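The values are calculated or read from the model by the stated rules, or taken from the named source; none is laboratory data. If you're wondering where the values come from, they're calculated on a predicted model, not measured in any experiment. In this analysis, Cβ positions are derived from the backbone assuming ideal geometry, glycine residues included, and neighbour counts consider all displayed protein chains.
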Amino acid sequence: MVIGNIKQKASLYSKLIRFFINSLIWVIIISLALTLGYFNTLPFHTIAELFNVIIAFSAFIIVLNTYNISQNSYLTFLGIAFGFVSVFELIHLLTSAGIDILSLHNINMDLMISIIPRLLQSFSLLISFLFIKRSLNIIWTVTTYCLTTIALIAGIIYTGNRLELYTANIDFIALFEVLEITIVLFFSASLVILIVERKNLKFRVYKYMLLSLLASISVDILIVIDANMNSMINVSAHILKFISFFCIYKAVIQNTLRNPVDSMFYELDMVKNELAEKNYEISRSNDKLKNELDDLHMVEKLLRKSKAWSRSIFEGSPVGIALLNTNSVVIEVNPALEEILGYSANEIRNIGISNITHIDDIEKDSRLFDNLIESNIESYKIEKRYIRKDNKVIWTNVMMSYIQNVGEDFQFIIAMIEDITLQKENEERQQQLVARLEETNKELDNFAYIVSHDLKAPLRGIGSLANWLITDHKDKLDKEGAEIIDLLINRVERMKNFIDGILHYSRVTRVKENYVDIDLNRLIKEVIELLAPPANIEIKVQSELPVIKGERIYIEQVFQNLLSNAIKFMDKPYGKIQIGCKTIEGFWEFSVKDNGPGIDEKYFNKIFMIFQTLQPRDKFESTGVGLSIVKKIIETDGGKIWLTSELKKGTTFYFTIPMNE
């Protein structure tokens, strides 16, 4: 306990000393920079810009070489962005007054070149927050910045001294101030987003990014106040700019080179730190712990329990588990894998898992295993076949993971193997059933054709013969004979309608049209025109109807059958039919209401049965198929249909249709 407290105090004193030394170094650097800037701004400006280029490009080189171990796409993106910012900072340095290595002899072009890196920097900081929780595509990012840089440099070279020819009427001082204010706004927005997202960043990274953004905002405010290169305000701005770049560099260092293992296992470190803090609190408050030896004994006991617990999971798992080294040699297997493969553990170790893999799966499995060993992938999942000891081929679902950094000489692959032979057999049977169902559907289509063509042909012959008798021999028939022939014609027509109804009913779920947008306002208008209701019946749409997705022929059939029934069975001198629509929990709910005779509640289910009618067919000609077709169409589309009715007052049919996107 005493030793632990002494170490903690020593660590605290060490941190205070480092903080004091670092602060003193920064005071000296800033003082020297201010002194140099006060007496001679040209070398100060040159040194400051050169340091900025070196720092930004160093961050770029670091992230390119460490992105494989970095889990922070945010800082990786910033490192790439600042690498290209350094290119324009270098161009600005080489073209600045007093150096003139790349002289442009145009003050306006010099202004534009000086503002390009700050504009690129501020915009990159703003969009970098997109990658706090998203992965970064390094190749696409570098390519995008390369193309942008090439385009800007080409524009600078092309315009060069000809800038005034293109921008004769532009006030560059005003434009410069507007751009600087825009940059300040970009930095300010980045600062707000950084504060909001601070919980998603390590504290050290957040601290450096906060300092960098505050310094960047201050830089551009000072430049707006006084852009004169020889003023002390401008000198202060360049010092703050150096601090801003240095903080970005430190943030990248903290995330990569300082402790790459910490970057790879950040969440584990967080848990480790929490456990360390809790252990420290427990050690302070627990007076029963006498000495460090007792602690060691307790840890050993916990380790033994943990090992026993891990072993019980390994041995008792219903999934086959195998541990392999990087040469695919089996180290250990659990009983479940012995049962799956039919081999004992020793036999599996001697034969090797790869040697009992089905020959057709070896190439694919080997390729994935090699990629795993080479760290191209962290894990892989594959369906593959094994040859059991009894020569039976089994299907398995295999999950391979490469466990690294457990110890210097302890790296292994863990294989989770699940027997899915029964599942595969079920899938095969399902495919056979689907094929059989498709064949049955084809047979039904052929049957429908036979019914449509072969059965209706004799009916047409009977109907034609009856019409011929009544037309050509009407004078030879008495009243009773004429009535019998009329009855025969009606029965033939009814039989034809029955056959058509059966065909329509059977084709509802099997014949699929393309789903299209259906304007129901237009469709209802066409249906009403087709039905041509008598003058004493009014059909009214209560509200604007939606545009839905569906199979037009079936939706039209639904409304046509419901409206046709309402018209056909109307018993009032003045009939009123109302069509309504509303939305309810992802469905369109439609209603067709009439003031007809109504339906007794005991017949609510019967009317939806095929060939069922509530009125004698001699009184109302009907096949009894219409509502059964409507019900089948609605339910096939995922909706439902029901009704409410009151005798002598009318009936309302309701049905729903899903709001398909």
Scanning region 360-392 for residues that are more than 30 Å from the chain's Cα centre (by Cα) and hydroxyl-bearing (Ser, Thr, Tyr) gives 366, 386
Of 359, 353, the only residue that is surrounded by 15 or more Cβ atoms within 10 Å (Cβ to Cβ) and either on the phi > 0 side of the Ramachandran plot or of a type in the set (Val, Ile, Thr) (or both) is 353
Only unsatisfied item for residue 648, checking (1) on the phi < 0 side of the Ramachandran plot; (2) surrounded by fewer than 20 Cβ atoms within 10 Å (Cβ to Cβ); (3) at pLDDT 85 or above; (4) not acidic (Asp, Glu), is (1)
Pairing a residue in region 145-159 that is within 15 Å of residue 113 (Cβ to Cβ) with any residue that is among the hydroxyl-bearing types (Ser, Thr, Tyr), where Cβ atoms lie under 7 Å and the two sit 6 or more apart in sequence or on different chains, gives 159/166
Only one of (1) touching a helix residue (DSSP H, G or I) at 6+ places or on another chain (Cβ under 9 Å); (2) at pLDDT 80 or above does not apply to residue 192, and that is (1)
Of the residues in region 514-567, those that are exposed (fewer than 15 other Cβ atoms within 10 Å of the Cβ), assigned to a loop (DSSP other than H, G, I, E, B) and touching a residue at least 12 places away in the same chain (Cβ under 8 Å) come to 514, 515, 534, 536, 542, 543, 544
Considering residues that are in contact (Cβ under 8 Å) with a residue 12 or more places away in the chain and part of a loop (DSSP other than H, G, I, E, B), the number found within region 342-371 is 4
query = Based on what the data block shows, is residue 536 of a type outside the set (A, V, I, L, M) and closer than 15 Å to residue 654 by Cα?
reply = no
Listed by first then second residue, the pairs whose first member lies in region 50-66 and is within 19 Å of residue 91 (Cβ to Cβ), whose partner is of a type in the set (Asp, Glu) and part of a helix (DSSP H, G or I), with beta carbons under 8 Å and at least 6 positions apart or on separate chains, are 52/89; 53/89; 56/89
